[in-house]
Amino acid sequence: MKMKTKILQDDLSAAAAKLIIIISVFLLLSTPAFAVSVDRNMPSVVDPSSAFTVSFTINPEGSLTAFDLADFVPNGWNLNDWSVSGYSRSDVTFDSQVRDYQGKTRNGLHWKFSKAFSSPITLAYTMTAPAATGGYEFIAVWTYPGGFNSRAASLLVATVVTEQIVPPQPSPSPTPPQEPQPIQQPLFPEQPSTNMTFAYLVVLLIIILAGAYWHYSRPRSRPRK
């Protein structure tokens, strides 16, 4: 009798276990599995004390009944303004809280979307970088029915110097050696100058006059009787 009672209890336990498994599988199959992807867009380098914009594109796969997004920014960095497109701003609740997250004190910017949505949403905010240069970390965390996810991004605050690139100048072509030019010979021999010709004539005239004077001034021999 005891043996039959034990067998009956074992059968009831096995049946109950099977029923629990069947109910669990049914619940898992009947519960819709929602997923969402979030893409961040922000600059990688900004100038000190300059304003910049960070935007998130939220892409739901199906209809999301609730969604929360928090972006943990460096402590001391404050939000200037934020906007949302594809969703009513009045249905979004924003708050910020300074807290420790992953070993550092950060300013947590939090947006809560209270109504269901099935189309992409773009959330953007602006803030001003500090005067101190250096590298900073941003960590986004989002939660939705059935899961959560996070993603980190880095920002460098530094003075950006635009370097002018001077194109290389072409090397000058070598100058060909000049060939020696032949010496030009005069086409006609040099003619004596007019002054030299005049001097020759004067000398010749003097000689002629001297000869004539000598000829006429010499004593003439008388003829013999």
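Throughout, read-outs are computed from the coordinates displayed, never taken from laboratory work. Bear in mind the structure is a predicted one, so any value in this text is a computation, not a measurement. Methodologically, a virtual Cβ is constructed for each residue, glycine included, from the backbone with ideal geometry; neighbour enumeration extends over all protein chains shown.
Ordering Thr53, Thr93 from the fewest to the most neighbouring beta carbons within 10 Å gives Thr93, Thr53. Normalising by residue count, segment 84-127 has a Cα convex hull of 100 Å³ per residue. Under a Cβ-Cβ cut-off of 9 Å, what is the net charge of the residues other than Phe72 that fall near it, where Lys and Arg count +1 and Asp and Glu count -1? So the surrounding residues net to +1. Give me the percent of Cα-Cα pairs in segment 87-183 that sit more than 17 Å apart, rounded to a whole number. Here the tail beyond 17 Å accounts for 73 percent of pairs. Electrostatic bookkeeping for Lys112 treats Lys and Arg as +1 and Asp and Glu as -1; over the other residues with beta carbon under 14 Å from its beta carbon, the sum is -2.
For the pair Arg99 and Arg40, the difference between a 0.36 nm per residue extended length and the Cα-Cα distance amounts to 19.0 nm.
Evaluated over the Cα positions of segment 35-156, the convex hull gives a direction-averaged projected area, one quarter of its surface, of 7.0 nm².
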